[in-house]
Amino acid sequence: MAAKRPVCKYGADCYRKNPDHLKNFYHPPKTDEGAKQSKLKQTALATDSGHKTNLSESSSSGVQYAGGDDKSTTDYASDPQRSIKEKFLVDMPQDFYEFWDFCKDLNPTAPEDALKEYVGLRLVGPYLVLAGQLSTSSWEDCVLQSRYFYDTPEVQTVLESSTKIGFHIGYFRDDPDDMPAFLVSNNCKESCILKVEADNIFAAVGLQVAKLLKTASASTKLSEFNKKLTAKCNELGYHVSESSNCRTRNKKVVAKCFNKIGIVVPVDDNDVGYRPLPMTNGMKCKY
């Protein structure tokens, strides 16, 4: 019976638990290496001394493991890029890490809160891995970090307002295997529209600073922060302006969406493209 079912496009790496999906699609058995990687994603590592979790086993080093004797040796503190990949299933761009270093210079003890006093924003999502706050969280929980009502799967929030409820900024990527095209913002309390902000996170924050500088409440402290941000951008070669990648992507959009971003579908040499659906034509006819 299993051979007659269409094979799930994710194969042995599929993480879906929906009974209908498991019934309708064949999933090859996991190899020893595949099983190890799958279990690794569900492994909780406690980096803080004495920190405990509700998982099944603990090693003498204080690291917690989920089930069995399979103990991972991943060091999340020394390999942040790998830990983010394991917990959020994507790679982050270079500006992501460089902005973290910038925030560490502003607030060495709590870089994730470095922007609060200037623009009322807090670093969230993958940044919390760098802050050591998600060491015991599973990848299933991490991918839902700071997701808002109108966020599509393409959006990955990295900044959220500490004063304006619902406002957040995130990287936008059309394919999880690609680097983000740009950053977008949204306030889920106001609308579903995703506003394209900038190509890098320095520029995205810089645009928020520029808006605040035009208000009557702009402070000397904010002006000083803007000088530091601009100087860092010049040092690293980032431009502090709106996205230019958006214009390139707009040429590839094949359908408009309510969020105004549109959908990009890969095409072949004949300008024909599609996003494959995990179901047969017979199954589609039932809906």
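The values are calculated or read from the model by the stated rules, or taken from the named source; none is laboratory data. Please read these numbers as outputs of a predicted model, since none were measured by experiment. For neighbour counting, all protein chains shown are included, and Cβ atoms are generated from backbone atoms with ideal geometry for every residue, glycine included. Just so you know, the surface numbers come from the protein's heavy atoms only, side chains and all, with ligands and any DNA or RNA stripped out. Shrake-Rupley method; radii C 1.70, N 1.55, O 1.52, S 1.80 Å.
Quick one: net charge around Ser146, please, counting Lys, Arg +1 and Asp, Glu -1 for every other residue with C-beta under 11 Å from its C-beta.
0
May I ask you to list the GluC sites (Glu not before Pro) in the stretch 134-227 that are in a DSSP loop and have at most 13 other Cβ atoms within 10 Å of their Cβ?
Within the stretch 134-227, the qualifying GluC sites (Glu not before Pro) (loop, at most 13 other Cβ atoms within 10 Å) are Glu190.
If you average the alpha carbon positions of the stretch 231-258 and of the stretch 150-212, how far apart do those two centres end up, in angstrom?
Distance between centres, Cα-based: 12 Å.
Can you list the residues, at least 5 places off or on another chain, whose amide H is less than 5 Å from the amide H of Glu197, using H built in the peptide plane?
Those qualifying (amide H under 5 Å, at least 5 residues apart or on another chain) are Leu183, Val184, Ser185.
How large is the accessible surface of Arg249 in square angstrom, using a 1.4 angstrom probe and rounding to the nearest 10?
My reading of the accessible area for Arg249 is about 20 Å².
Beyond 27 Å between alpha-carbons counts as too far, so tell me which of Lys228/Lys260; Lys232/Lys252; Lys214/Lys256; Lys214/Lys251; Lys116/Lys195 fall in that bin.
Lys228/Lys260; Lys232/Lys252; Lys214/Lys256; Lys214/Lys251
Per-residue counts of other Cβ atoms within 10 Å, averaged by peptide: what ranking do you get for 200-207, 172-179, highest first?
The peptides rank, most packed first, as 200-207, 172-179.
Could you list which residues have their amide H under 5 Å from that of Leu159, counting only those 5 or more apart in sequence or on another chain, with H placed in the peptide plane?
Val124, Ile169
At 0.36 nm per residue, and after removing the present C-alpha to C-alpha distance, how many nm does the segment from Ser219 to Ser162 gain when stretched out fully?
Working: separation 57, 0.36 × 57 = 20.52 nm, distance 1.80 nm.
Going from the current span to full extension adds 18.7 nm.
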